[in-house]
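Here the structure is laid out as structure tokens; the discussion comes afterwards.
Just so it is clear, none of the values below were taken in a lab; they were calculated from the coordinates. Not measured: the values here are computed from a predicted model. Glycine also receives a Cβ, built like all others from the backbone with ideal geometry; neighbour counts cover every protein chain displayed.
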Amino acid sequence: MNGRAEARGGVRVAALEARGLRKNFGAAEIIRGVDLSVPKGERHAVIGPNGAGKSTLFNLISGLLLPTAGEIRLDGAQVNGLPAYKINRRGLSRSFQVTNIFPKLSVWENVRCAVLWSRGEKYTFWRSVEANPEIAQRTQQVLQEINLISRKDLPAGVLTYAEQRALEIGITMAGGANVILLDEPTAGMSHAETERAVALIRRISEGRTLLIVEHDMSVVFGLADRISVLVYGEIIASGTPAEIRGNAKVREAYLGEEAR
Amino acid sequence: MSDAIATPAATTPAQTGIARLAPWGVWIVLAVVLAALPLLFRSGTALTMLSLMGIAIIFALSYNMLLGQTGMLSFGHAVYYGLGAYFTVHAINWAIAAKLPIPLLVMPLVGGFAGLVFAILFGWVSTKRSGTAFAMISLGLAELVGSSSLILRSFFGGEEGVTTNRTKLLRLFDWNFGPQIQVYYLIAAWCLLSIALMYALTRTPWGRMCNAVRDNSERAQFVGYNPQVVRYLAFCLSGLFAGVAGGLASINFELANSALFSAVQSGNVLLATFIGGAGHFVGPILGAVLVTYLQNMLSDVTEVWQLYFGLMFIATVMYAPGGLAGLIMMHGPIWRAGALSGLFGAYALLLAPIALVTVGAVLVIEMMTHLGVKAAEGTVMKMAGISFDAKSGLAWVLALGSLLAGGGLALLAWRRGVAPAWDRAQGKAREKGLTV
């Protein structure tokens with residue numbers, strides 16, 4: 001169940017690691033002992049049927065929910081129990097399954113807000129947001145990357161769905177986090193839009209660690225270095241795309257025809 | 001709202017003189033206007049009203065740091081206004097008694113400091129929660145401070161409050177602040193400074209994050225910010241400026257009393273901010289000016305001015321949730337597209353029907369008031385110099401008739417005239433890529 005990094009000699013610390021992670025909502029056990037280790041620089045996909053607990057897993061890792069038991073480590077340091085904003089400051093950033101942006105702010109402001117903390121601006125109220133040119137430069141760079149520079153002055157709420165999804169990714173990456181969690185980034189997109197989104201995800205995850213939940217199997221198998229299969233709150237298999245494709249248990253539980 | 005990307009400005013030597021002043025244009029104009037207003041409105045009533053407007057502007061802008069900027073609905077903003085007033089009055093009295101060489105000019109700072117300190121204290125509790133819980137805590141705190149003010153007589157002076165004499169402090173340039181005009185200039189100076197500072201605050205990293213927290217506090221956490229800290233800072237700074245406004249009010253009235261803490265005061269600032277428009281920085285300024293004007297004018301004209309005020313608030317909430325500023329800003333893209341003139345023609349169609357509705361509504365309200373409240377004076381009443389019987393059938397037919405006819409005509413003018421004209425104008429703006 002451990003990642004390649006440890007298999008290679010156990011020296012390198014995983015970028016992201018979960019051990020014995022559990023989450024109960026009342027009597028219902030949604031996450032039932034998840035172990036997951038993602039080495040630095042890996043693109044790791046989590047797949048599984050609806051209701052398997054994929055989004056809950058993301059919510060636990062990113063600090064939106066507190067785990068009932070188990071621990072989460074980011075670059076070796078324990079982060080479970082920390083509030084979401086502190087986990088984010090330690091270099092973990094996430095996107096959401098349902099678009100989660102600042103709808104009344106301009107596209108430019110959306111991205112800029114995501115840049116501020118990482119440039120050390122914190123809660124500064126004694127100097128202009130434009131005082132540090134790095135902020136505008138980084139914002140500009142991100143907007144070019146997500147191809148929304150021409151829309152920068154529009155309120156984010158009026159963008160098309162695909163544009164909002166791109167903005168969501170832009171906000172997620174703008175702070176320069178080393179670990180990026182994307183929750184179904186291509187859900188609801190057309191084929192052409194999905195292709196563009198995948199190309200974008202591939203670019204922005206270059207040199208970073210990516211954990212992605214995705215239903216579109218062509219995206220998963222095209223993008224991921226390794227795949228974990230989550231079924232009823234447990235990871236039933238973890239391996240390279242080829243290994244997962246060939247895994248009988250996975251085929252039975254989930255993949256079925258889709259994997260071909 | 002648009003943010004130019006920071007590029008090194010290529011200025012030629014010829015540009016530097018006036019161009020360097022250009023970003024300050026608005027502030028220079030505002031300063032000139034504030035300085036010139038007393039020359040246009042010379043009467044004592046006008047000066048008093050201008051002074052009240054200045055105070056109301058600071059108070060409403062401070063309130064909008066919460067409501068419009070950060071999305072926090074407070075029902076107890078008068079707490080910081082009132083405490084600012086009391087501390088200023090006590091500071092003035094103390095400075096007079098101790099013969100300290102402190103000019104009146106700096107006294108609003110005491111109010112601001114008091115507002116800040118109590119906001120730091122109370123905000124520590126109230127900003128732990130957001131939304132409805134925050135609103136309820138703010139209401140509770142307002143009640144708490146309001147009732148304490150009647151119990152702690154030594155500080156709050158009971159029912160009568162605490163009086164002071166603003167003329168007894170150290171004089172600068174031979175100004176004793178006896179005449180209202182001098183008080184006006186004191187208020188105007190603080191008003192200009194406060195507006196500038198509060199505007200500058202919206203342009204800081206924290207100020208931008210206030211808007212982000214207002215829009216989506218969950219997302220703000222995932223870009224590294226703790227929404228509670230953002231809200232707490234907004235609360236503290238807003239308390240500071242409310243305290244400055246309260247300090248100025250106490251200087252203006254030479255009095256601080258428990259009415260300053262009242263729910264009415266907290267309600268008024270909410271109404272002014274909302275009617276002016278919480279979504280734009282200038283909104284509360286417009287709202288404060290309009291509401292102060294109406295409160296002073298309407299209360300002279302009619303006994304039920306609060307009813308009109310309430311109707312106006314309901315109309316704003318229902319038909320113009322962006323307030324006055326929202327209505328004006330809606331026209332920005334159309335103006336830039338050069339399509340405004342066509343729209344004004346259509347608006348002119350609305351004038352007569354709206355006048356008719358207003359006349360009808362005013363008649364109905366005033367006749368009902370007269371019959372209900374002033375029954376002892378008989379049924380004959382006088383409006384706009386005309387005496388008539390409030391029980392006569394003709395008066396009622398006229399009143400209800402103009403109300404209904406005006407309403408019908410307004411609806412017709414809206415559907416046939418304004419709505420299509422608006423669509424056309426919007427279309428033009430859209431063609432030019434000025435709106436979506």
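The table that follows gives values for the structure above.
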quantity: Phi to ³J(HN,Hα) by Karplus 6.51 cos²θ - 1.76 cosθ + 1.60 over segment B:113-123, Hz, x for Gly, Pro; calculated: 5, 4, x, 4, 4, 6, 5, 4, 5, 6, x
quantity: Average projected area [Cα convex hull, segment B:254-342], square nanometres; calculated: 7.9 nm²
quantity: Three-way shape call for segment B:94-250 based on the alpha-carbon gyration tensor, with the a/c threshold at 1.5; calculated: oblate
quantity: Karplus (6.51, -1.76, 1.60) ³J(HN,Hα), θ = phi - 60°, over segment B:339-349, in Hz, Gly and Pro reported as x; calculated: 10, 6, 4, x, 6, 5, x, 5, 4, 4, 4
quantity: Order of B:Leu363, A:Leu143 - criterion: other Cβ atoms within 10 Å of each residue's Cβ, fewest first; calculated: B:Leu363, A:Leu143
quantity: Alpha-carbon centroid distance for the pair segment B:232-305 / segment A:231-253, whole angstrom; calculated: 64 Å
quantity: Relative contact order for segment B:333-431, counting Cα pairs under 8 Å that sit 6 or more residues apart, in percent; calculated: 48 percent
quantity: Cα centroid separation, segment B:346-370 to segment A:112-144 (Å); calculated: 52 Å
quantity: Against the rule of thumb 2.2 N^0.38 Å, how large the Cα Rg of segment B:333-431 comes out; calculated: 1.53
quantity: Residue-span extension gain [B:Leu411 to B:Asp389] - 0.36 nm each, minus C-alpha spacing; calculated: 4.8 nm
quantity: Residue order, fewest to most surrounding Cβ atoms within 10 angstrom, among A:Asp183, B:Asp300, A:Asp75; calculated: B:Asp300, A:Asp75, A:Asp183
quantity: Amide H contacts under 5 Å for A:Ile212, placed H, 5+ residues apart; calculated: A:His44, A:Ala45, A:Val46, A:Leu182
quantity: Cα gyration tensor, segment A:80-125 - rounded (a/c under 1.5), prolate or oblate; calculated: oblate
quantity: Anisotropy class of segment B:129-179 from Cα gyration tensor, a/c 1.5 cut; calculated: oblate
quantity: Choice from B:Thr163, B:Thr273, B:Thr369 with maximal GNM fluctuation in chain B (Cα, 10 Å cutoff); calculated: B:Thr369
quantity: In sequence order, calculated HN-Hα J values of segment A:58-70 (Karplus, 6.51, -1.76, 1.60; Hz; x Gly/Pro); calculated: 4, 5, 5, 5, 8, x, 6, 10, 8, x, 6, 8, x
quantity: Cα long-axis angle, helix A:107-116 against chain A (0 to 90 degrees, to the nearest 10); calculated: 70 degrees
quantity: Orientation-averaged projected area, Cα convex hull of the protein assembly as shown (nm²); calculated: 41.3 nm²
quantity: Within segment B:75-160, GluC sites (Glu not before Pro) in DSSP loop having at most 12 other beta-carbon neighbours inside 10 Å; calculated: B:Glu159, B:Glu160
quantity: Descending semi-axes in Å of segment B:25-330, equivalent ellipsoid built from Cα gyration tensor; calculated: 29, 23, 20
quantity: Taking chain B and dividing mean pair separation by its residue count, relative contact order in percent (alpha carbons under 8 Å, at least six apart); calculated: 21 percent
quantity: Shielding of A:98-110 by partner chains, average beta-carbon count, 10 Å; calculated: 4
quantity: Footprinting exposure proxy for A:Ile235, B:Ile251, A:Ile212 (fewest neighbouring C-beta atoms within 10 Å first); calculated: A:Ile235, A:Ile212, B:Ile251
